[in-house]
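K.L.:
Here it is, the structure in full.
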Amino acid sequence: MALVPSLSSSTDPVPLSDDGAHVDAPELRLFVMGLFFIFGGITSLNDVIIPKLKDLFTLNYTEAMLVQFCFFTAYLLVGIPGAALVKRIGYMRGAVAGLLTMTLGCLLFIPASHSGAYPLFLAALFVLASGVVVVQVVTNPLISLLGPPATTHSRLTFAQAFNSLGTVIFPKVGATLILGGLAAVSAKELSGTALDAYREAATRTVVHTYLGLAVALVVVASVVWMNRNRLKGETHEAGSLAPDLGLLKRTRFAWGAASIFLYVGAEVSIGSMIVNYMQQRSVLGVTAAVAGSFIPYYWGGALVGRFVGSALLRKVNPGKALAFNACGAIVLILISANSSGIVAAWSLLAIGLMNSIMFPTIFSLACTGLGKQAADGSGIINVAIFGGAVVPLLAGAVADLSGHLTLALALPAACYAVIAAFGLYSRR
């Protein structure tokens, strides 16, 4: 959490430029990157929780993917209301509201553990995700404002690198704390009060992890609240739900929103499969804890790619770069699906590198020229992140029906094909 800087060293408001287009404030850029780090890390913890809950509640793949469905459904339900809230109270206060909602979601893991009921874990994840949505509505347009328009692609990609840093660190710690607690006994062998006691004891590691996050989130929210008046001259386009959705009449924006839907769905599907995929005899045949240790490599590829991409996108056409990476992801899926052992494992993990520039590049390509409607566009883009709920659930259904995780990879591959087409369309 050290990546969230204290801004209290200077309480003077930082004004937007005369045209309201951007502001030169390096310390605010660090603050936003800290928020990217936090919500990226929390989102990636789902990849660790899924195999844990799958074991405890004896779930099939479709049922286990309800974790992602409930988490990312928050983007559908909270995206536009979250944008309206940010427009009403401003970016900094909106960030505080999001952080406190995330804290509440973390605390709800306590009653979920005591009850030993899977639906309560899903409810806690939904509340946690609702806060993440509000924070993300703040960060995406704000990082676009914190510098000249000409370097928006590069700046957003660089900020997303901090998101990836969170997705590397959080699963690494989470796999140790959560998956390391998987006992030799299986929930399938228990029933009645013994099963309830086992589930409550086994989920304590989940509770302790999220309680630690809750404490950290309160600290960060306090720092942001003390600096809530730092941004001066902030304005937003007034409007209702209808004008917001009217942005979808723009072909470039609509296709970009659809690409976000598919990208997040593909990325989350693959991340959610990693533990079970590595456990297959045809791949590595390792334990859940060992398989969980591979998750950071997937997200680490995105981290490296975003730092490199932030520099390359200053010289390379963003649309062409997007199309190239999407095609690269398809090739890696084909290699993994048609191989075994180390080759199958590492070609799947390398997709993270291809994912690296996709979200920030799609976002900036779709939202080019929105101006004061940036918060509206960010809200709709956040609704599109609902793809993280739909595509993994469908991938889980494919895995259950076919009996093979490998066949489920065809769905992410189709998503990347559409994204490649958007990159070629928007290269001008």
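The values are calculated or read from the model by the stated rules, or taken from the named source; none is laboratory data. In this text the structure is predicted, and so the values were computed from the model without any measurement. Note: ideal-geometry Cβ built from the backbone for every residue, glycine included; neighbour counts use all protein chains shown.
K.L.:
State all residues of the range 212-227 that are touching a residue at least 12 places away in the same chain (Cβ under 8 Å) and within 26 Å of LEU108 (Cβ to Cβ); if no residue qualifies, say none.
P.N.:
Listed by number, the residues that qualify are LEU213, ALA214, ALA216, LEU217, VAL218, VAL219, VAL220, ALA221, VAL223, VAL224, TRP225.
K.L.:
Could you check LEU312 against (1) more than 25 Å from PRO148 (Cα to Cα); (2) free of Cβ contacts under 8 Å to residues at least 60 places away in the same chain and say which number it fails?
P.N.:
(1)
K.L.:
Please work out which residue is nearest to GLY41 (Cα to Cα), limiting yourself to the range 291-311 and to residues that are hydrophobic (A, V, I, L, M, F, W, C) and surrounded by 20 or more Cβ atoms within 10 Å (Cβ to Cβ).
P.N.:
Taking the candidates together, the pick is TRP299.
K.L.:
From the list GLY285, GLY256, exactly one residue is out of contact with any Pro (no Cβ under 6 Å at 6 or more places or on another chain), on the phi > 0 side of the Ramachandran plot and either at pLDDT 90 or above or surrounded by fewer than 22 Cβ atoms within 10 Å (Cβ to Cβ) (or both). Which is it?
P.N.:
One residue alone meets the criteria, GLY285.
K.L.:
Tell me, please, whether a residue that is modelled with pLDDT of 75 or more and either surrounded by 13 or more Cβ atoms within 10 Å (Cβ to Cβ) or of a type in the set (S, T, N, Q) (or both) can be found in the range 231-244.
P.N.:
No, the range 231-244 has no match at all.
For (1) in contact with a Gly (Cβ under 9 Å, 6 or more places away or on another chain); (2) surrounded by fewer than 17 Cβ atoms within 10 Å (Cβ to Cβ); (3) within 28 Å of PRO81 (Cα to Cα), each residue gets a yes or a no:
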| site | (1), (2), (3) |
| --- | --- |
| VAL316 | yes, yes, no |
| SER340 | no, yes, no |
| ALA344 | no, no, no |
| LEU348 | no, no, no |
| PHE359 | no, no, yes |
| ASP376 | yes, no, yes |
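K.L.:
From the set of residues in the range 361-415 that are of a type outside the set (Ser, Thr, Tyr) and not in a helix (DSSP H, G or I), which is modelled with the highest pLDDT?
P.N.:
Looking at residues that are of a type outside the set (Ser, Thr, Tyr) and not in a helix (DSSP H, G or I), I get LEU409.
K.L.:
Okay, next question. Would you confirm, using the coordinates I've provided, whether LEU165 is part of a helix (DSSP H, G or I), touching a Phe, Trp or Tyr at 6+ places or on another chain (Cβ under 9 Å) and either at pLDDT below 90 or among the acidic types (Asp, Glu) (or both)?
P.N.:
So LEU165 fits the description; yes.
K.L.:
Scan the range 54-73 residue by residue and report those that are modelled with pLDDT of 90 or more and either basic (Lys, Arg) or closer than 15 Å to ALA129 by Cβ (or both).
P.N.:
MET65, LEU66, VAL67, GLN68, PHE69, CYS70, PHE71, PHE72, THR73
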